[in-house]
Amino acid sequence: MTNKIVRTNRTSQFNRSGTVHYRLEQHEDGAAAVMLTVDFERAPTPEHTYVADFFEVSRAESDVLIVFGKIDLPGAMSLRNKIEIYFPFQPFVYQLWKSSRQMHEMLEKSATKKGYAVADPSRITSATDKVQTLATNNALIVIGGGLCMIDFFLIAAKDLWIKTRKGDPLNMDALVRVYLNERILLGFLDRCDVIAQDLIKELGITFAEENDEDMELVEL
């Protein structure tokens, strides 16, 4: 991923035959890049679901590590099981963080209005032998009917390399759907915001002004 989001040229031709819309670009030096965006209305539904009452968000070597867990009740001091989700720095900022700014603000206002506190998982140890680990580069966050959920997806690097050159439809794999309440989602987005702000400064990430459509630029 590059460190700059680019404004879509409306006169350009995008391949919209798959869930992921893209345009292949060739540079003068022979390098290639793909401009892409996701049509979440056509996104597949994850077959696997997980109900979380615990979260952690931290930085790994080149990824943001997201952990969701199920607290072992009634002791509520450790986890019964958890899932680890690795999200590379650039798509974490451009996709998850940037797309959730309005929702984050809405949840902050809701917390103030309803008078609830943000979930704080710090007193609970995340150590557990029952762990599932996933890699992702796209997420969709939805609130409806009092229920919050995050769907995680993966656009495969192999598909980006091969299908875009052949002009084939580009899709993504649905990984898991995580259900959580408003307090946990707000705490999760609070933590994501802190990490994203640090990454923006450290990596020199910039955003084009007046974007009509945010596109990710992937160097091949």
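Brief remarks follow.
- Summing +1 for each Lys or Arg and -1 for each Asp or Glu among the other residues whose beta-carbon sits under 14 angstrom from that of LYS82 gives -2.
- Relative to the longest principal axis of the Cα atoms of the chain, the long axis of helix 182-203 makes an angle of roughly 50 degrees.
- Relative contact order (%) - criterion: Cα under 8 Å, at least six apart; region: the chain: 34
- List MET103, MET35, ordered by accessible area with a 1.4 Å probe, largest first: MET103, MET35
- Among [x] 0.97; [y] 1.03; [z] 1.07, the entry that matches Cα Rg over 2.2 N^0.38 Å as calculated here: [z]
- Note that the stretch 33-126 carries a Kirkwood radius of 16.0 Å, evaluated over its alpha carbons pair by pair.
- Listed peptides 164-170, 49-55, 19-25 appear in the order 19-25, 49-55, 164-170 once ranked by packing, highest mean of other Cβ atoms within 10 Å at the front.
- Largest-first ordering by accessible area, 1.4 Å probe, given options LEU189, LEU147, LEU154: LEU147, LEU154, LEU189
- Full extension of the segment from ASP190 to ARG16, taken as 0.36 nm per residue of separation minus the current Cα-Cα distance, would add 59.3 nm.
- The listed peptides 124-132, 195-203, ordered by packing as a protection proxy, come out as 195-203, 124-132 (highest mean of other Cβ atoms within 10 Å first).
- Across the stretch 87-92, coupling constants 3J(HN,Hα) worked out from phi with the 6.51/-1.76/1.60 Karplus curve, θ = phi - 60°, read 10, x, 3, 5, x, 4 Hz, and Gly and Pro carry x.
The values are calculated or read from the model by the stated rules, or taken from the named source; none is laboratory data. Computed from a predicted structure; not experimentally measured. Cβ coordinates were reconstructed from backbone atoms using ideal geometry, including for glycine residues, and neighbour counts include every protein chain displayed. Calculation scope for accessible area: heavy atoms of the full protein, side chains included, ligands and nucleic acids excluded. Shrake-Rupley method; radii C 1.70, N 1.55, O 1.52, S 1.80 Å.
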